[in-house]
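What follows is a set of notes on a single structure, which appears directly below.
The values are calculated or read from the model by the stated rules, or taken from the named source; none is laboratory data. Quantities reported herein were computed from a predicted structural model and do not represent experimental measurements. Virtual Cβ from ideal backbone geometry, glycine too; neighbours counted across all protein chains shown. For accessibility, only protein heavy atoms count, side chains too; no ligands or nucleic acids. Shrake-Rupley method; radii C 1.70, N 1.55, O 1.52, S 1.80 Å.
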Amino acid sequence: MTAVLERETAPAVAPRGPRRGGARGRLLTVLLLGPVAAIALWAAFPLLEQGHWIALGVLAAATAGLFYLYLSPRHVPAKYLVPGTLFLLVFQLFPVLYTASTAFTNFSDGHRGDKRDAVVAIQTASVTRVPGSAEYVLTVATTGDPATGPLSFLVTDPATGRVSAGTAGGLRTLPPGEATVNAAGRVTAAAGYTVLTGGQAAARGREITGLVVPTAGGAIRSQGLTRAYEGRAGRAYDEGCDCIREAATGRTWTADDSRGAFIAADGDRLAQGWRVGVGLANFTRLITDPAVSGPFARTLIWNLIFALASTGGTFVLGLGCALALHSSRMRGRGLYRTLLVLPYAMPSFAMLLVWRDMFNTDFGLINNLFGLDVDWFGGAASARIAVILVQLWLGYPYMFLVATGALQAIPAELSEASKLDGATPWQSLRRVTLPLLLVALTPLLISSFAFNFNNFNAIYLTTDGAPFAADNPANGATDLLITYTYRLAFGGSGAQYGFAAAVSVFIFVIVAVISVVSFRRTRRQEEVYS
Amino acid sequence: MRTKAITAIALIALAAGCSSSGGGGDKPGPGSSPPAAGGKLVIWGDDKRAAALKPFADRFGQENGITVEVQAISKDQQTTFVTASQQGSGPDVMVGAHDWIGNLVQNGAVDPVQLTAAQQEGIAPNALKAVTFNGQVYGVPYATENLALIRNTRLAPEAPATVEDLVATGKKLQSQKKASEILCLQVGQNGDAYHLYPFFTSAGGYLFGRTANGDYDPKDLGVGKPASIAAFEKIRKLGEKGDGALKRSITVENSIATFTAGKCAFLVSGPWAVTDVKKAKIAYDVSPVPGFAGGKPAQPFLGVQTFYVAAKGKNKALAQEFVTNYVTTPELAVALYRAEPRPPALTAAFDQVKGTDPDLAKFVDAGKNAVPLPAVPEMATIWDPFGKAESAVIGGADPRTALSAAAKTISGQITS
């Protein structure tokens, strides 16, 4: 890509003239645009199938735009900017917008699909066998071509051996002798019908499931490819009253489009609901519901402490190690460096689980080794100290690495000069080295803070939020906002995506504000020291 | 002009290459022809079951002239299934636990199945009851599982008749330095309602009341009721501030390992633990989980592994054929038993294997009092808060405070 663009830069800047470096550059453009076209085609068909016209339009416009951009010699800066912008849109902006829009809905278990899905589910779930009806043996047949001809159900009543043929029009008993039945009761041949083989029937599965043969007591439906039963739908949707009516009792459940559920007059609710917008309800619940807001504030405070302690602690320890190993009087520096980086080289996922087991009260290494009897994850304070200790162990090698790098970038003359001026090593560190280091490291510290603020694994894999106070099973002492949100959205108590999305929006806002403020301050700092 | 032609040709070639290779993946494009004559049946299960199912699925495919794909879902099977179903990329048949039913039904993810009277008679009655929800059968059960007391017979030759007996034996072994723990029952930092349930019921606690016809009644929540609080008083006495038989340091990860290491004489676990116990070459026996002296019988939960027909599967007729007319044959149940020994729910299959495996009958015996795990959607709200109350009480907290808070959280989630 770069090669092409660099070549094309020349004619764009220079007055228009003959194009240079044509063939190879062209080929590269083609090779890169090819996948774009392929992806666009691949994405287009499902959209076309499901009739998402707006999305299809956006896709077409974006693809056309890309082709124009890279096939025309103009708009050179855009050629550099567009790929990054596109990825930013797809991987950053879209998830944020999607989460934000989910936060305004009741998207959760029981409210996942649309109203039509709910109606279909309610009606299907209410089909029951007509009591005392026959259990038919089914043979799927057609009066035409096996692949396309109209379908018929040849059903054998095992009790009488009588064969009937059913279509959407109704059921007709075949005269004896017209159909040959095998020992299992399945029809092997029938006059005027072509019996479908298993594979042929399977290929038309959707039509077979859809075929309903009306009878006096209900309707004959297939149950698989070899059995049929006479059933009755107990509940049906009535468009007139926008309600579900139960045939046997006449009871109705009326659609409530603000809650996304069918609700009866006595407040009874059908389990199958649908997704509707609920406005700010999720946000107001977060703020006004005392069962949520009180613990939420406590969790937020602990979350800030955790992020600060993890980042600050690892930084201080990492920097300390880096300074110690920076001194040329130190021997065996290579070995120490290798040892220090070791925790960083281990997968944190596995290490967190190991640490969890090491903190076990009865079987854990830590209590056994030091002869302690501390209920580490049982008390709020000890559990918090434990997770911060684990973070410290996992995180300081990173800080050590970046600090070592930054230290080596500071010219040795500076500290020598300060030494000549009579500064103690401490003064030289505080007044010269540290400020210069911080200019380089502050952005890293901010991103480390943002990462630790949402450090899901650190908590989920060790304490899983424990300990939980006896009077509050929702927020644990070590819960971060993100583990709390995860439990809301995917935890045992049924998925509440809408509410979890609202919490995510809060987290996003908090992290964004902190980052913006810190970066502002960094910029000012840079102006002071540079 | 020449470059334009090259561009066009390259684009067409690339597009064709991509769409044909993409079509073979999980999202067949409209251009790709259906495999074999009659389409494809997709079955999802966990790793072990998927492997055991494979040969049978292949045979079913050959018999019907179709391709059958068995896919192993390693984690979060229920959530994955519901989400995938909703997006239209789910399977046709799902294998999973029966207590998912309530949630699957409220999300419209599974269809009821119509079994013949003969098929219903062939299934163990409690297993059939477990998969019945709102009067409909929602799947075909193939195996049951429940907790039992697994005992190290070298340490404890006699099966304890009551919890008190068990604690006394355990304490004696502790004082003789033969065992370090009284009982291996997983609790963990955040509790485990499933494993505690036999003790909870024996002490008189309950989760949901029953309606007149025996179904669970979500409107009668038992968690914060006096009977459950009284039950937790007894459990607290077994906890860390009492006998020390129940401890939060015994977790899902270490409970079986602690038992197989010989550190405790008693393990409360299910058929899945037997494989490890055998591997450790421990002399063991299986007996029912004991209840408190003078209490009610201890009732473990009965879990039923079930085949479901996905409501949004692409090939429902085939899925119904497989689940209702093929899974109900004993052969498949026996093969699945071999993959992971749990008592088959089909009586014919159970009779076939019970002679070869003495533990099986003992587990079924231990499950005689078992109650099916409630399949109501509301049950999902119970696990987490109940477990946390359990963990707090075992750590020494006041049962009334802990259970009232749990009950409040649960009812808040049920109504919202």
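Per residue of peptide B:241-250, the mean number of Cβ atoms on other chains within 10 Å of the residue Cβ is 3. For chain A, A:C321 have no disulfide-compatible partner, since no other Cys C-beta lies under 4.7 Å from theirs.
According to the square roots a ≥ b ≥ c of the eigenvalues of the Cα gyration tensor, what is the shape class of the protein assembly as shown, taking rounded for a/c under 1.5, prolate for a/b larger than b/c otherwise, and oblate for the remainder?
Verdict is oblate for the protein assembly as shown.
Of interest is the spacing of the C-alpha centroids, which for region A:209-255 and region B:242-303 amounts to 48 Å.
Note on A:D471 and A:V90: the extension gain reaches 132.9 nm, defined as 0.36 nm multiplied by sequence separation minus the Cα-Cα distance. In region B:211-254, inverting the average of 1/r over every pair of distinct C-alpha atoms gives 12.9 Å as the Kirkwood radius. Farthest towards the positive end of the charge dipole of the protein assembly as shown, among the residues A:L286, B:V113, B:C264, is the Cα of A:L286, using unit charges on the Cβ of Lys, Arg, Asp and Glu. Each of B:D165 and A:R162 was given a label point 7 Å from its Cα along the Cα-to-Cβ line. The distance between the two points is 6.2 nm.
If R0 is 60 Å, the Cβ-Cβ spacing of A:V82 and B:A339 corresponds to a FRET efficiency of close to 0.70. Under a no-solvent Debye model with one identical scatterer per Cα of region A:170-313, what's log10 I(q)/I(0) at q = 0.10, 0.14, 0.15, 0.19 Å⁻¹? Evaluating at q = 0.10, 0.14, 0.15, 0.19 Å⁻¹ gives log10 I(q)/I(0) of -0.69, -0.91, -0.97, -1.19.
If you plug the beta carbon distance of B:K172 and A:W393 into 1/(1 + (r/R0)^6) with R0 = 30 Å, you get a FRET efficiency near 0.15. Pop the C-beta distance of A:A512 and A:A183 into the FRET formula with R0 = 56 Å and round what comes out to the nearest 0.05. Plugging the Cβ-Cβ distance into 1/(1 + (r/R0)^6) gives 0.15. Counting only Cβ charges, +1 for Lys and Arg and -1 for Asp and Glu, the dipole size of region B:193-238 around its Cα centre is about 220 debye.
Membrane-span-like helices in chain A (whole DSSP H runs, Cα extent of at least 24 Å along the helix axis, mean Kyte-Doolittle hydropathy of at least 1.6): A:53-71, A:434-453. For chain B, complete DSSP H runs whose alpha carbons reach 30 Å or more along their own long axis and whose mean Kyte-Doolittle score is 0.0 or higher are B:2-23.
Measure off 7 Å from each Cα along the Cα-to-Cβ vector at A:T424 and A:L32, then give the distance between these two points in nanometres to one decimal. It is 5.8 nm. Counting, for every residue in B:54-65, the Cβ atoms of other protein chains within 10 Å of its Cβ and taking the mean gives 2.
Annotation: amide H of B:V289 within the under-5 Å range of B:L149, sequence separation 5 or more or interchain, hydrogens built in the peptide plane.
To put it simply, the accessible area of region B:199-313 at a 1.4 Å probe is 55 percent carbon and sulfur. Distance between the modelled labels on A:Y336 and B:D357, one decimal in nanometres: 5.9 nm (7 Å Cα→Cβ projection). Annotation: per residue accessible area for region B:131-274 equals 36 Å², rounded to a whole number [probe 1.4 Å, protein chains only]. Rolling a 1.4 Å probe over the protein heavy atoms gives region A:305-405 an accessible area of 51 Å² per residue.
Computed packing ranks the peptides B:101-112, B:45-56 as B:101-112, B:45-56, most packed first, by mean other Cβ atoms within 10 Å. Expressed in Å, the radius of gyration and Dmax of the Cα atoms of region B:266-381 are 17.1, 55.
Over 20 Å between Cα atoms, which of A:K115/B:K316; B:K225/B:K368; B:K172/B:K279; B:K48/B:K368; B:K234/B:K408; B:K40/B:K314 qualify? Over 20 Å apart, Cα to Cα: A:K115/B:K316; B:K225/B:K368; B:K172/B:K279; B:K48/B:K368; B:K234/B:K408.
Highest average first, the peptides B:90-96, B:151-157, B:393-399, A:54-60 ordered by how many other beta carbon atoms sit within 10 Å of their residues are B:90-96, B:393-399, B:151-157, A:54-60.
Counting, for every residue in B:317-327, the Cβ atoms of other protein chains within 10 Å of its Cβ and taking the mean gives 6. Potential lengthening of the chain between A:I385 and A:H75 amounts to 106.0 nm, from the contour at 0.36 nm per residue minus the alpha-carbon distance. Taking DSSP loops as anything outside H, G, I, E and B, show the longest stretch in chain A free of trypsin sites (Lys or Arg not before Pro) there with at most 12 other beta carbons within 10 Å. Longest run free of exposed loop sites: A:75-328.
Taking N as the residue count of region B:239-324, its C-alpha radius of gyration divided by 2.2 N^0.38 Å amounts to 1.64.
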